[in-house]
Structures are given as structure tokens and as C-alpha cells.
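Scroll down for the structure; my scribbles are underneath it.
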Amino acid sequence: MTLYTYDKDEKGKTNCYDKCATNWPPLKAEAGAKADDEWTVVDRTDGTKMWAYDGKPVYTFIKDKKPGDVTGDGVGEVWHIVKAD
């Protein structure tokens with residue numbers, strides 16, 4: 001599924017909770033997950049962990065139904081597809 005970043009997040013910190021996280025599910029990381037190159041693990045306030053790419057937490061979008069869907073790109077002018085450099 002397509003991964004997105006959120007402009008209101010900070011490097012290494014998510015600001016997407018509650019309704020935001022319902023519509024934009026965080027890409028969950030298992031408890032023992034380890035950082036690898038550009039991929040790092042971010043702690044959430046609910047005790048779970050999520051993945052970040054280049055320091056930016058990443059999410060999927062509830063309206064993307066199949067791989068390749070990109071309906072979340074540009075939503076609210078704050079959601080963007082993750083782009084590898």
C-alpha cells in the first residue's frame with residue numbers, strides 16, 4: 001500500500017492520533033523492530049511503535065483500497081506520498 005507523510009509531524013515524532021490515526025493508520029512496527037538505513041522506529045504515546053522514513057513517520061490511508069491507490073496524496077495540503085531520494 002502507498003505510504004504517506006504528514007506535514008504536522010516532527011522529525012521522529014508523530015502528531016497523528018485519534019480520528020487522524022483512524023483515517024491515516026500508522027505503519028506499525030513490532031516491539032523489537034530495529035532501525036535500518038533511512039527507516040527508523042518512532043514511539044507513540046499509546047505505547048505502540050511505528051515506522052518513519054528519513055525521520056518522518058509514515059502512514060497508510062483508509063480510502064486506499066488496493067496497492068497502487070494514491071487517493072491520499074495532497075489531502076488537506078498536508079499529506080504526501082513518501083518519496084525515496
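Overview of results
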item: ALA31 being touching a strand residue (DSSP E or B) at 6+ places or on another chain (Cβ under 7 Å), assigned to a loop (DSSP other than H, G, I, E, B) and touching a residue at least 12 places away in the same chain (Cβ under 8 Å); result: yes
item: Odd one out for THR40, checked against (1) under 18 Å from LYS8 (Cβ atoms); (2) not in a loop (DSSP other than H, G, I, E, B); result: (1)
item: Filter result for the condition that a residue is touching a residue at least 60 places away in the same chain (Cβ under 8 Å), of a type in the set (Asp, Glu) and touching a His at 6+ places or on another chain (Cβ under 7 Å), over ASP64, ASP73; result: ASP73
item: Within region 55-85, considering residues that are in a loop (DSSP other than H, G, I, E, B) and hydroxyl-bearing (Ser, Thr, Tyr), the one surrounded by the fewest Cβ atoms within 10 Å (Cβ to Cβ); result: THR71
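Rundown of residues vs (1) under 17 Å from VAL78 (Cα atoms); (2) polar (S, T, N, Q); (3) touching a strand residue (DSSP E or B) at 6+ places or on another chain (Cβ under 7 Å), yes/no style:
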| residue | (1), (2), (3) |
| --- | --- |
| LYS19 | yes, no, no |
| THR22 | yes, yes, no |
| GLU38 | no, no, yes |
| ARG44 | no, no, yes |
| ALA52 | yes, no, yes |
| VAL58 | yes, no, yes |
| LYS63 | yes, no, no |
| PRO67 | no, no, no |
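Rundown of residues vs (1) charged (D, E, K, R); (2) surrounded by 14 or more Cβ atoms within 10 Å (Cβ to Cβ), yes/no style:
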{"position": "LEU3", "(1), (2)": "no, yes"}
{"position": "TYR6", "(1), (2)": "no, yes"}
{"position": "CYS16", "(1), (2)": "no, yes"}
{"position": "THR22", "(1), (2)": "no, no"}
{"position": "LEU27", "(1), (2)": "no, yes"}
{"position": "ALA33", "(1), (2)": "no, yes"}
{"position": "ASP37", "(1), (2)": "yes, no"}
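A short reminder: the numbers here are calculations on the coordinates, not readings from a lab. The shown structure was predicted, so the numbers you read here are calculated from the model rather than taken from an experiment. Every residue, glycine as well, gets a Cβ built from its backbone with ideal geometry; the counts of neighbours run over all protein chains shown.
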